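Following: one structure in structure tokens, then a few remarks.
The values are calculated or read from the model by the stated rules, or taken from the named source; none is laboratory data. Quantities reported herein were computed from a predicted structural model and do not represent experimental measurements. Cβ placement follows ideal geometry from the backbone for every residue including glycine, while neighbour counts extend to all protein chains displayed.
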Amino acid sequence: MISVHEPIDSGGMLHPELRAEHDPNSIMRDGRRLDHAEGTSKPLRVLPEPQPRGAKVRGNRPVDQQEAAGRFIAAPEHEKMHDERLWDLRQKRDREMHGIAEWEELRSLASAIKEHTLTHLDKYLDQFETNARANGIHVHWARDAAEHNQIVHGILRDHGAKSLIKSKSMLTEECGFRAYMASVGIEVTETDLGERIQQLDNEDPSHVVVPAVHKLRTDVAELFSRTIGTDPDNTDVHYLAEAQREATRPLILDADAGMTGANFVVAETGTFVVCTNEGNADLSANVPKLHIASIGIEKILPRMEHLAVFIRLLSRSALGSPMTQYTSHFRGPRDGGEMHVVLVDNGRSERLGLEEFWTSLKCIRCGACMNTCPVYRRGGGLSYGATYSGPIGLIIDPTFNKRKYSNLPYASSLNGSCTNVCPVKINIHEQIYAWRRVLVEEHEVPLAKKVAMKAAGVLLSRPMAYRAAIAAADTALAHLPRFIIYNGLNAWGKHREVPHAPKQTFHSWYHANRGGKP
Amino acid sequence: MSSRDDILASIRANLPRVDRSLPDVPLFDADPPVSLLSAFKENLHRMGGMFLDPPSSGDILVPIRIIIAGAKIVCSTVPEIAGNRDIAGVDASRDLADVDFAIVRASFAVAETGSLLLTDADLHVNAVAYLAQHLIVLLDPTDIVVNLHHAYRRPDFRDRHYASFHSGPSATADIEGVLIHGAQGVRSLSVLPVARATDDPITQ
């Protein structure tokens, strides 16, 4: 009953948005809700914190990572869980590292094997192709994303395939594969739980290994209730995962074709290797008769003995687990099946020619650099507005588009933790710094930074002017009102206090105290 | 020019002009565990798998018989124990969708990671190891290698078209890091140590 003095629209509530239609847990007696003791008189629900969305991507304009990260930080439940969860992965990785005496030797071997293979890439790709063909695998080559998508579409068309199940692949993200397939009327189903969540939410993966790590269970419950018909009020993780399994299984059984990526390729045997924890790549590859694997050309290794080094490092670095639950080696089609491999360049051969950056091709996509990065952990992977986020993204993304990703190399404190945890010893933080220089040289750096740097350049080339300016700035900082120091043009004043300016510059102190002495 | 030739030409034009030799990979086996079986068992447990202790006497398959007692569909590819779904009669993978338990034999196991290698020869139909709700694996205790360096020297990786390391059951923690078994593949993985029968047709 609503009494006359309570406005009907709010139900007498201070925060009408908290009103729930009904509460299945309430105790009812004679058709009325009991509200004795601490019981509320009306059903209430605490609204889950809405998920902050990623960077606003506007065509070719530079992505504002800082703006999107700011929104993620402003959602404290999301930010805390994300930070904690990824730091836990980092700590599990350390535990594994300490359990293996030869860890550092494995990292050095992995780096050396990759550098050798990349400097002989043409030879090993040729060897892989020959051996894979001999095993009955169809090998295709794609210069770029568009050609990759067309080749896969062509294979599907030849088989009359209309539905495709696939496992997670960063390469297919890079190629905008799902969007392309939707445009040609092929139904794609992602089979990795995290990637399926992201597909259903029409959102990119935020992490190379755990694609939905930025979401809370409440976000998933809301999403699944809209898309696969789960109970919107049930946020139990076991329930949500089981509902997804049950919803996806029929799609797996009925699919016309399956697709996987590959973590590694072995030239000597013509094998490609896929690592998952869910077994979803093995379902995608082994249930339909047609299996297509999309593989970046940098994934290649010479021989099986080299693969051992990488398998030992991959999951330990990624998740702090000794091995992925499933590590599957595909050397040829199964009886009655057909197997295709699409080798994709999409900028990789060109990257090989970048003297300072070619070693980024050593990356095995473990995500360790993301898990350890304070900027990534606090800001979320979608803040980068690019296929690859975190430290590795900062050095790969600009090779795809220098203007669009010109801000990204600044999303780093250059603390070097990424370099320290990288299982293939990529000097990530040094490359981040080098990209800043390259982007300035190529005039891709934003105006505010450019103006500041130009002014700094003029000052730094004139010692007298520099000293006068520093003294004036110190005096000014001590007396300027806050709104002049903390404004949009001064990034140093965002989210932190500018340090107190010294009363005296070093130069004037030296002049006063040591000036007379030699 | 074909895409293949284009890509290879672009690679050759961009190859870094540095000399990087291919290192030899040691076997890292100087300090092996006292018992490979114990190490395997411990690591299998860490990965969420279950090790079935064989009875000290009598029918060695009793632990499996207990597990599958209530199951409707059991598909076995091993001669030691019979199921009620004949893998030889399976035309398409999807015919295995209703299997409760699959029973297979591992080619070998890895102590370091608690992994079992299942090949297309072990599985007959690869999908059986993923579509079944639960997977039971027989392992000959003499088929355990110390680590992955030894594992990758095995002939299976050169002979078989499909070979997969299983280290525990299907798992995910994609929602808030909560570990779930049976994400998409099998909900459980159990391993029973059983020596190979000398006339085991699979190994011939």
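Residue by residue, here is whether (1) more than 19 Å from A:Pro423 (Cβ to Cβ); (2) within 7 Å of chain B (Cβ to nearest Cβ); (3) crowded, with 24+ Cβ neighbours inside 10 Å holds:
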site	(1), (2), (3)
A:Thr269	yes, yes, no
A:Asn280	yes, yes, yes
A:Ser294	yes, no, yes
A:Leu301	no, no, yes
A:Leu314	no, no, yes
A:Gly320	no, no, no
A:Ser328	yes, yes, yes
A:Asp335	yes, no, no
A:Glu338	yes, no, no
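Of everything in segment B:126-148, what is more than 7 Å from every other protein chain (Cβ to nearest Cβ), in a loop (DSSP other than H, G, I, E, B), of a type in the set (A, V, I, L, M) and closer than 30 Å to A:Arg303 by Cβ? Give them in sequence order.
B:Val146
Could you say whether any residue in segment A:89-99 is part of a helix (DSSP H, G or I) and within 21 Å of A:Leu361 (Cα to Cα)?
no
Matching residues to (1) surrounded by fewer than 24 Cβ atoms within 10 Å (Cβ to Cβ); (2) modelled with pLDDT of 95 or more; (3) in contact with a helix residue (DSSP H, G or I) (Cβ under 6 Å, 6 or more places away or on another chain); (4) away from chain B (no Cβ under 13 Å):
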position	(1), (2), (3), (4)
A:Thr172	no, yes, no, yes
A:Asn202	yes, yes, no, yes
A:Ser206	no, yes, yes, no
A:Pro211	no, yes, yes, no
A:Thr227	yes, yes, yes, yes
A:Pro232	yes, no, yes, yes
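Do we have A:Val265 as buried (at least 23 other Cβ atoms within 10 Å of the Cβ) and either among the charged types (D, E, K, R) or in contact with a strand residue (DSSP E or B) (Cβ under 6 Å, 6 or more places away or on another chain) (or both) here?
Yes; evaluated as a whole, the condition is true for this residue.
Going through segment A:9-55 one residue at a time, which ones are modelled with pLDDT of 85 or more and within 30 Å of A:Arg377 (Cβ to Cβ)?
A:Pro48, A:Glu49, A:Pro50, A:Gln51, A:Pro52, A:Arg53, A:Gly54, A:Ala55
From the list B:Ala163, B:Ala171, B:Ala183, B:Ala151, exactly one residue is at pLDDT below 95 and either facing chain A (nearest Cβ under 9 Å) or surrounded by 20 or more Cβ atoms within 10 Å (Cβ to Cβ) (or both). Which is it?
B:Ala183
If the Cβ limit is 7 Å and pairs must be 6+ apart or interchain, which residue in segment B:106-122 that is free of Cβ contacts under 8 Å to residues at least 60 places away in the same chain pairs with which residue that is basic (Lys, Arg)?
What qualifies is B:Phe108/B:Arg154; B:Thr119/B:Arg160; B:Asp120/A:Arg334; B:Asp120/B:Arg160.
Is segment A:46-53 home to any residue that is touching an Asp or Glu at 6+ places or on another chain (Cβ under 7 Å) and over 25 Å from A:Pro205 (Cβ atoms)?
yes
Only one of B:Pro33, B:Pro23, B:Pro16 is of a type outside the set (A, V, I, L, M), more than 10 Å from chain A (Cβ to nearest Cβ) and either at positive phi or in a loop (DSSP other than H, G, I, E, B) (or both). Can you tell me which?
B:Pro33
What are the pairs, 6+ residues apart or on separate chains, where a residue within segment B:51-68 that is closer than 15 Å to B:Val191 by Cβ and touching a residue at least 24 places away in the same chain (Cβ under 8 Å) has its Cβ under 8 Å from a residue that is part of a helix (DSSP H, G or I) and of a type in the set (D, E, K, R)?
B:Phe51/B:Lys41
Restricting attention to segment B:74-94, which residues are crowded, with 18+ Cβ neighbours inside 10 Å and either modelled with pLDDT under 95 or assigned to a helix (DSSP H, G or I) (or both)?
B:Ile87, B:Ser93
Please verify whether segment A:44-66 includes one or more residues that are within 30 Å of the chain's Cα centre (by Cα) and not in a loop (DSSP other than H, G, I, E, B).
The answer is yes; a qualifying residue exists.
Let me spell it out: the conditions are (1) surrounded by fewer than 18 Cβ atoms within 10 Å (Cβ to Cβ); (2) part of a helix (DSSP H, G or I); (3) more than 10 Å from chain B (Cβ to nearest Cβ), and A:His238 meets all of them except one. Which number is the exception?
Single failed check for A:His238: (3).
Of all the residues that make up segment A:100-129, how many are assigned to a loop (DSSP other than H, G, I, E, B) and within 24 Å of B:Asp29 (Cβ to Cβ)?
3
So, A:Val184, is that one more than 25 Å from A:Asn371 (Cα to Cα) and in the same structural domain as A:Pro250 (by TED's automatic domain parsing) or not?
yes
Has segment A:152-170 got any residue that is at the interface with chain B (Cβ under 9 Å from one of its Cβ atoms), assigned to a helix (DSSP H, G or I) and crowded, with 18+ Cβ neighbours inside 10 Å? First the steps, then the outcome.
Step one: of segment A:152-170, the residues at the interface with chain B (Cβ under 9 Å from one of its Cβ atoms) are none.
Checked segment A:152-170: no residue is at the interface with chain B (Cβ under 9 Å from one of its Cβ atoms), assigned to a helix (DSSP H, G or I) and crowded, with 18+ Cβ neighbours inside 10 Å.
Inspect all residues belonging to segment A:391-403 and state whether any of them is buried (at least 24 other Cβ atoms within 10 Å of the Cβ), part of a loop (DSSP other than H, G, I, E, B) and at pLDDT 95 or above.
No - not one qualifying residue is present in segment A:391-403.
Regarding A:Val184, is this residue over 21 Å from A:Gly393 (Cβ atoms) and in contact with a His (Cβ under 7 Å, 6 or more places away or on another chain)?
It is true that A:Val184 is over 21 Å from A:Gly393 (Cβ atoms) and in contact with a His (Cβ under 7 Å, 6 or more places away or on another chain).
Please work out if B:Ala197 is surrounded by fewer than 20 Cβ atoms within 10 Å (Cβ to Cβ) and at pLDDT below 95.
Considered against the rule, which asks whether it is surrounded by fewer than 20 Cβ atoms within 10 Å (Cβ to Cβ) and at pLDDT below 95, B:Ala197 comes out as yes.
Is it the case that A:His340 is within 30 Å of A:Glu242 (Cβ to Cβ) and either touching a Pro at 6+ places or on another chain (Cβ under 6 Å) or in a strand (DSSP E or B) (or both)?
So A:His340 does not fit the description; no.
List the number of the failed condition for A:Met181; all other conditions in (1) over 30 Å from A:Ile297 (Cα atoms); (2) assigned to a helix (DSSP H, G or I); (3) more than 11 Å from chain B (Cβ to nearest Cβ) hold.
(1)
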